[in-house]
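First the structure, in the form of structure tokens, and then the observations on it.
The values are calculated or read from the model by the stated rules, or taken from the named source; none is laboratory data. Here the structure is a predicted model, which is why all the values come from computation and not from measurement. So basically every Cβ, Gly included, is an ideal-geometry build from the backbone, and we count neighbours across all protein chains shown. Side chains included, ligands, DNA and RNA excluded: accessible areas come from the protein's heavy atoms. Shrake-Rupley method; radii C 1.70, N 1.55, O 1.52, S 1.80 Å.
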Amino acid sequence: MINKQYDVSCGARAGAGAGAGAKAVYSFQHKTKKVVLCCDVKMGKVAVGAAVVCAAACAAAAMVVRRRTKGSGKWGRAEALVRELEEQCGTPIAKLRQVADAMEVEMHAGLASQAPTRLQMLITFVHNLPSGDEKGLYYALDLGGTNFRTLRVHLGGKEKGVVKLESEEVSIPPQLMTGSSQELFDFIAAQLAKFVSSEPEELHPPPGRQRELGFTFSFPVKQTSIASGNLIKWTKGFNIEDVVGQDVVGELTKALQRIGLDMRVAALVNDTVGTVARARFSDQDVIAGVILGTGTNAAYVESAHAIPKWQGLLPKSGEMVINMEWGNFSSSHLPLTEYDQALDADSLNPGEQIFEKIISGMYLGDIVRRVLLKMAEEADFFGDTVPPKLRIPFILRTPDMSKMHHDTTPDLKEVGKKLKDILEINNTSLKMRKIVVEVCEIVAARGARLSAAGVFGILKKIGRDKVKAGEKQKSVVALDGGLFEHYTKFRSSLESTIKVLLGDEAAETVSIEHFNDGSGIGAALLAASNSHYLGLQES
Ligand code: GLC
């Protein structure tokens, strides 16, 4: 009986040219512990290249197999699996440079083409970023992960900044993430109405003036104006079919009307765009915003001249914020493993969001779970039987992985506790726990270093990766999201890798800064700069 199949790919797409692909597949027969190796080549234009790539893939597969069977006993086999993981997840600086170059190439392609490209490079209609002068009371609604937030933001201009911020957070009932459009938007509208009803009387708008809202909707949207846009596809575990292709502002507005809440959506923004706006409010050197949270993505300020697909009038500012949707980036240079392939195949969106699936908070814990499961199955790592909980997808969340990874107790008590509480694995030895920490380290470091390569790709695209003669222009990249905020080792690996990629001189001009609440406050700021009542704002 063939229990498992593993694919080993080795950069076939880049090497073999369009249409050619090669992969070596080997199957592991559990009972006999035999390995069946075969090679599958789809010949395209560059058949010879493909054959060479296939030979390389076969060799790689054979090497993996040799290594896997080399170790003797439980520890040897477990060790071999970890070494194999480490090798496959490797991100030496040269590889990161290739990833950044590939990112830059895809950025150009996405900016040029109206047709769907891997990086969509979405036009956001945000060309006037906050100056810091914004004043007044605005609402924001932040939908994009497992939680949903409503915010009331009192802006006080340059002198006072954000005078007051009130917010409420609720988790989205899982059934709403895959239900119907009306259910989701009615839920959102009801939460918002409840929140608005707590508005102090002295803040009520004068008669005839509508409340205004910035709507942060953190999914790929093809915008048709600053306050309208159609959902391209869902990501991050959402899948509500009847919203795809619809104007999400229209859907929200209908729900607001159903509940009788008089409010105008003044801006529709992605969380990365909100982060850029929020950060610009405080620092005019901000050139990009990156989210590392449940999902991952980046937006940056592009010169309007560099967007061939933009058909509108050139904005006065000469700039346009672009939502890259970098979560969907993929390249033959990405270090992918069998665990990533399996996670992708089991996901709601196979073949999509590959960069996101190896970097972001929604997935890192599950990659670790998959590795531990393999170790349990093939190396009896947790004893004679495979702990049943290890088979449950997404049971190991990234915050728990982070807790294990940061365990500083001499006997890794926290690791033991997490394995026991979450996976019901009792009596783990220190040696086992150390290996678990190593797996967390390999998976987190790959994600952090690839994020750094992404940031470096953006800096290259806009010419901020080098110091120009006589100039020391500062560039600030604004970061937000739970993964960046709370996973310290991820964050420091990301920061140090960007420095290495930039080199000493350029590293002095680029800073990575955390802007809390970027997505919410940024949406309120963009509602302010797109208000119907500009010029009438009170302090
Ligand atoms: C996903 C979404 C993207 C969002 C990111 C971070 O990648 O597609 O729009 O910005 O998650 O929340």
Of residues in segment 158-176 being surrounded by 17 or more Cβ atoms within 10 Å (Cβ to Cβ) and away from the ligand (no atom under 16 Å from the Cβ), the one farthest from V196 (Cα to Cα):
L176
Among (1) open to solvent by less than 10 Å² (accessible area, probe 1.4 Å); (2) within 16 Å of the ligand (Cβ to nearest atom), the one test that G365 misses
(2)
Would you point out which residue out of G229, G245 is of a type in the set (G, A, S), in contact with a helix residue (DSSP H, G or I) (Cβ under 7 Å, 6 or more places away or on another chain), at pLDDT 95 or above and under 22 Å from N297 (Cβ atoms)?
G229
Unique residue being in contact (Cβ under 8 Å) with a residue 24 or more places away in the chain, touching a Leu at 6+ places or on another chain (Cβ under 7 Å) and over 25 Å from L165 (Cα atoms) when the list is V221, V244
V221
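Out of D400, D344, I need the residue that is open to solvent by 10 Å² or more (accessible area, probe 1.4 Å), among the charged types (D, E, K, R), under 20 Å from the mean Cα position of the chain (by Cα) and under 19 Å from C89 (Cα atoms). Which one? Break it down into steps so the answer makes sense when it comes.
Values: D400 fails: under 19 Å from C89 (Cα atoms).
Within the list D400, D344, the selection yields D344.
For segment 341-363, how many residues are at positive phi and part of a helix (DSSP H, G or I)?
Looking only at segment 341-363, we keep the residues that are at positive phi, and these are 351, 353.
From what is left, the residues that are part of a helix (DSSP H, G or I) are none.
Of the residues in segment 341-363, 0 are at positive phi and part of a helix (DSSP H, G or I).
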Tell me the residue from S360, S347 that is under 30 Å from Q120 (Cβ atoms) and in contact (Cβ under 8 Å) with a residue 40 or more places away in the chain, please.
S360
Inside segment 188-225, the number of residues satisfying the requirement of being open to solvent by 50 Å² or more (accessible area, probe 1.4 Å), at pLDDT 95 or above and part of a helix (DSSP H, G or I) is 1
Flagged pairs (Cβ under 8 angstrom, 6 or more apart or on separate chains; first in segment 272-299, more than 23 Å from M362 (Cα to Cα); second open to solvent by 10 Å² or more (accessible area, probe 1.4 Å) and within 9 Å of the ligand (Cβ to nearest atom)) are R278/S519
When segment 128-148 is checked residue by residue, the ones that are open to solvent by less than 40 Å² (accessible area, probe 1.4 Å) and within 13 Å of the ligand (Cβ to nearest atom) are D142, L143, G144, G145, F148
Within segment 125-171, residues being in a strand (DSSP E or B), touching a residue at least 40 places away in the same chain (Cβ under 8 Å) and over 15 Å from G520 (Cα atoms) number 3
